[in-house]
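Visitor: Shown below is the structure under consideration.
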Amino acid sequence: QQNNPIVGYTGFMPISRIDDYRACKSGECPLGNLFTDAIRWFTGADVAFTSSGGYRGEGWPAGPVRLTDLYAGLPFPNSECVGTMSGLSLFKLLNYTTSVATFEGTDTSEGGRLLQVSGLRVTYNTKLKYSRLIAVDVWDIQEKDYLPLDRLKLYTFASDSYVCGAYDRYPELTGGDFVLAGEVPGTIGENLVQNIVADYLGQLEDPWDTSSRGRLVNDTSALKHMDLTQESNSCPRNHVWVAETLSCWECPSFENVVFSDEALYFEVDSDTSVVDDGRIVLVNREAIDVSVRLKSKPNWVQFTSASLDEKEVDSVDYPIGLSSGDSLVLNFSLNTNALGSGVDRTALGTVSFGVQDGGRYKGCDGKDTAFEVELRVTPPDNYNYLGDFFYVGVAFSVIVLLTALCFTSFVYIYRKKRVIKVMQPMFLVTICVGVAIMGSAMIPMGIDDGLVSDRGADIACMSIPWLLSTG
């Protein structure tokens, strides 16, 4: 037994092939599970698969397994094959194998095309015609659970040299038909799969379990088959065909291409004809490149300049490319004359820019991003200044002063007259002085902050009662 050592231990391995009986061609079989588990372990692949047609042998009892048992189970010098395929390519592979396989326990020409798998849970319905595949789940080592097949995710796969290099149609499905970025056609190695299985069994602490794992499940109640293929003419609304991924991609919403402000407010007096300090920034916070273009604006808004990364942009009337993270600075002016006539004028308008994909999603309708502009032209403040009436007050005050001066002179000249003496000259002069002081109060009454400063107007206002009361 030196040339036929014990390589490991397993549970009871049932018959795989005897006479016309072909256990692995009818569905999941323990021998196929053992070989695919070993190949996946050896290569570290996400999934593994082998053809059912090569498995033979009458099995072995529970307990030790010798190298000859493995060669009896698969008497071909196949070696490992490893590569990387997308979920879409894996779907095509499994859709093909479940569609052409006969799922019969007898020797049929197409029965061997059924693949035994590891790291996969494949559900199919043998009662369906043409496409029988119902669902595919892939073991996720991080989640420690089976997750639905992702059509664009890349999966490492392992198989054998017969599947990757000789068994018609499978070489194309494991590399020849690959078109997506990141896919790597299967590469054949030099390690015999029987030795790989021997090493796998040798490193196990417990005997390998030969019970069914539920990897190939025939669900005859499921009527809707699985289909991950897409065509350029099958994209629904708001989707666009991306040839690099053979997929219909949902058009981006462009919701993160926004202005720095949702609304801007300007208020000027009626003497201002042009407001030239309008400024706003359009930011692309999407993960993709976009192009923007002025779509609509009020006639009283005029864009004066635009800059991208401190470089001037010729015009906003033509598409401007914005890479992810770019900011477009827009300067604009507001023409108040375009608002028409009137003392108090207010206008509210919307400036909108159309947003389109910058290259990857050609054909998407895009969306608009906009901001509001409100402009109010207010009349000049009316402070009810006296204006020229100030000089009227001065004139009256001068008249009063001159009249008081004349009467004072009259009293002085005729102070020795009997009538003046009787009325007491000093009393009459005092009256004239008082009248002069009261009359001078008309001068500060005509002073307001239209003539002097606020401080001067305050002094003038406070002097009025003093002059009146003193007079």
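Visitor: Taking only the alpha-carbon positions of segment 64-108 and ignoring solvent, what does the Debye formula give for the base-10 log of I(q)/I(0) at q = 0.17, 0.24, 0.28, 0.31 Å⁻¹?
Guide: Normalising to I(0) and taking log10 leaves -0.86, -0.92, -0.94, -1.00.
Visitor: Sort 398-407, 87-96 by the packing proxy (mean of other Cβ within 10 Å over each peptide's residues), most packed first.
Guide: Ranking, from highest mean packing down: 87-96, 398-407.
Visitor: Can you put TYR130, TYR21, TYR71 in order of accessible area, largest first, using a 1.4 Å probe?
Guide: Sorted descending by solvent-accessible area, the residues read TYR130, TYR21, TYR71.
Visitor: Still on this model: How far apart, in nm, are the 7 Å Cα→Cβ label points at ASN3 and LYS144?
Guide: 4.6
Visitor: Additional query: For SER260 and SER221, compute 0.36 nm times the residue count separating them, minus their Cα-Cα distance, and round to one decimal in nm.
Guide: Between SER260 and SER221, full extension yields 8.4 nm more.
Visitor: A further question follows. For the full complex of protein chains and a 1.4 angstrom probe, list ILE447, ILE6, ILE320 by accessible area with the highest value first.
Guide: ILE6, ILE447, ILE320
Visitor: Can you list, by residue number, the Cys in the chain that have no neighbouring cysteine C-beta under 4.7 Å?
Guide: Cysteines lacking a close Cβ partner in the chain: CYS406, CYS432, CYS461.
Visitor: Right, here's the next one. Can you tell me the orientation of helix 30-43 relative to the chain, as the angle in degrees between its alpha-carbon axis and the longest Cα principal axis, to the nearest 10?
Guide: Rounded to the nearest ten degrees, it is 50.
Visitor: Let me ask something additional. Between THR272 and ASP381, what length comes free when the chain is fully extended (0.36 nm per residue of separation minus the Cα-Cα distance, one decimal in nm)?
Guide: 37.8 nm
Visitor: Same structure, new question: As I understand it, the value is the acute angle between the Cα axis of helix 425-440 and the longest principal axis of the Cα atoms of the chain; what does it come to in degrees, rounded to 10?
Guide: 20
Visitor: In Å², and per residue, what accessible area does the chain have when probed at 1.4 Å with the other protein chains present?
Guide: I get 54 Å² per residue for the chain.
Visitor: For segment 250-360, what does the alpha-carbon gyration tensor say about shape, rounded, prolate or oblate, given a ≥ b ≥ c as the root eigenvalues, a/c under 1.5 as rounded, and a/b over b/c as prolate?
Guide: Prolate shape, in that a/c is at least 1.5 and a/b is the bigger ratio.
Visitor: Also, quick follow-up: Would you mind classifying segment 106-198 by shape? Square roots of the alpha carbon gyration tensor eigenvalues, ordered a ≥ b ≥ c; an a/c under 1.5 is rounded, otherwise it is prolate if a/b is larger than b/c and oblate if not.
Guide: Here segment 106-198 falls in the rounded category.
Visitor: Sticking with this one: Multiplying the sequence separation of MET462 and VAL433 by 0.36 nm and subtracting their Cα-Cα distance, what value in nm do you get?
Guide: Extending this stretch completely gives an extra 8.4 nm.
Visitor: In bins 10 Å wide, starting from 0, what share of all Cα pairs of segment 13-155 does each bin hold, as a percent?
Guide: So the P(r) values, bin by bin, are 11, 40, 35, 14, 1.
Visitor: Normalised by the number of residues in the chain, what is the relative contact order in percent for Cα pairs under 8 Å and 6+ residues apart?
Guide: Reported as a whole number, the value is 13 percent.
Visitor: Sticking with this structure for a sec: Got a sec? Charge dipole of segment 145-267, +1 on Cβ for Lys and Arg, -1 for Asp and Glu; which of TYR146, SER212, THR229 is way out at the positive end?
Guide: Farthest towards the positive pole: SER212.
Visitor: Could I ask something else about it? For ASP160, ASP150, ASP314, ASP277, give me the order by solvent-accessible area with a 1.4 Å probe, most accessible first, ignoring ligands, DNA and RNA.
Guide: Sorted by accessible area, descending: ASP314, ASP277, ASP150, ASP160.
Visitor: What shape does segment 136-261 take by its C-alpha gyration tensor, where a ≥ b ≥ c are the square roots of the eigenvalues and a/c under 1.5 counts as rounded, a/b above b/c as prolate, and the rest as oblate?
Guide: prolate
Visitor: With +1 on each Lys and Arg Cβ and -1 on each Asp and Glu Cβ, and nothing else charged, work out how big the dipole of segment 267-377 is about its Cα centre, in Debye to the nearest 20.
Guide: 400
Visitor: Follow-up. Rounded to the nearest 20 debye, what is the charge dipole size of segment 100-154 about its Cα centre when +1 sits on each Lys and Arg Cβ and -1 on each Asp and Glu Cβ?
Guide: 220
Visitor: Something else: What angle do you read, to the nearest 10 degrees and between 0 and 90, between the alpha-carbon axis of helix 454-470 and the longest principal axis of the chain?
Guide: Around 30 degrees separate the two axes.
Visitor: Then there's this: Peptides 410-416, 24-30: what's the order by average Cβ count within 10 Å, highest mean first?
Guide: Result, highest mean first: 24-30, 410-416.
Visitor: Still on this structure, please answer the following. Take the Cα radius of gyration of segment 37-95 and divide it by 2.2 N^0.38 Å, with N its residue count; two decimals is plenty.
Guide: The value comes to 1.38.
Visitor: Principal axes first, then extents: for the Cα atoms of segment 1-53, list largest minus smallest coordinate on each axis, whole Å, largest first.
Guide: So the extents along the principal axes, rounded to whole Å, are 35, 32, 19.
Visitor: With +1 on the Cβ of every Lys and Arg and -1 on the Cβ of every Asp and Glu, and nothing else charged, how large is the dipole of segment 385-463 about its Cα centre, in debye rounded to the nearest 20?
Guide: Its charge dipole is roughly 1020 debye.
Visitor: Using a 1.4 Å probe over the heavy atoms of the protein chains, calculate the carbon and sulfur portion of the accessible area of the chain as a whole percent.
Guide: 53
Visitor: Can you give the translational diffusion coefficient of segment 48-132 in µm²/s, computed by Stokes-Einstein from the Kirkwood radius over Cα pairs at 20 °C and 1.002 mPa s?
Guide: Answer, rounded: 144 µm²/s.
Visitor: Here is a follow-up. Could you compute Rg(Cα) / (2.2 N^0.38 Å) for the chain, with N its residue count?
Guide: 2.16
Visitor: Which log10 I(q)/I(0) values, to two decimals, does segment 382-449 give at q = 0.13, 0.17, 0.18 Å⁻¹ under the Debye formula with one point per Cα?
Guide: -0.47, -0.64, -0.68
Visitor: Please give every one of the aspartates and glutamates within straight-line cross-link reach of LYS421, meaning a C-alpha to C-alpha distance under 15 Å, and leave out same-chain neighbours fewer than 8 residues apart.
Guide: Those aspartates and glutamates meeting the cut-off do not exist here.
The values are calculated or read from the model by the stated rules, or taken from the named source; none is laboratory data. This structure is a prediction, so every number in the text was calculated from the model and none was measured. We place every Cβ from the backbone using ideal geometry, glycine too, and count neighbours over all the protein chains shown. Just so you know, the surface numbers come from the protein's heavy atoms only, side chains and all, with ligands and any DNA or RNA stripped out. Shrake-Rupley method; radii C 1.70, N 1.55, O 1.52, S 1.80 Å.
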